[in-house]
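Have a look at the structure below, then the notes.
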Amino acid sequence: MKLTKGDKDIAKNIIPLRNDRIILDIHLAQMYEVETRALKQQVRRNLDRFPEDFMFELNASEIDLMVSQNVIPNKGVLGGAKPMAFTEQGVAMLSSVLRSKKAVEVNIAIMRTFVHVRRILEDNQELAKQVKQLEKKYDEQFQIVFNAIKKLIEKKNPPRNPIGYKAKEKK
């Protein structure tokens, strides 16, 4: 499954934070074509549907991190409010809170993108595992070569006659 341009736009908004992948409320609001404050209002009216592993507010250091990584252009775009971060499950729960046709379409695209991102990460982990196995295998083979080179270096060479001109001593 290849990502469409819309899916790629969603994927760039999936951010690793607190050992999870999240999407910020400001990005979700843009995707749903609603104001951020309206999205937050709906979530606050239904907080029982959003436990900490579905949605959380960023703390000051996380906000600074988001600004420094250009995820958020500056703190001013937040209007003084703390951004809400939604995990994959939180985004799925949003579909029960936001009921517009656009929200349903966007949620489907977001869920597909989360699955695609997860698959890519799993593939990368498998590739990293294979590379480590190859490194171990070839490190052992090359260790023999390195040991042989070390032995050659350690052998004392017999003294050799100097090469070159000898200057005559002045009398």
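Structural remarks
- Checking every one of the trypsin sites (Lys or Arg not before Pro) in the stretch 1-107 against DSSP loop status and a limit of 14 other Cβ atoms within 10 Å picks out K2, K12, R18, R99.
- Relative protection proxy for 117-126, 83-92, from highest mean packing down: 83-92, 117-126 (other beta-carbon atoms within 10 angstrom).
- Rounded FRET efficiency, nearest 0.05, which uses the C-beta distance separating R118 from S96 and R0 of 25 Å: 0.70
Any read-out appearing in this document is the output of simple, stated calculations on the displayed coordinates, not a laboratory observation. On a predicted model such as this, the values are computed, not experimentally measured, just so you know. Every residue, glycine as well, gets a Cβ built from its backbone with ideal geometry; the counts of neighbours run over all protein chains shown.
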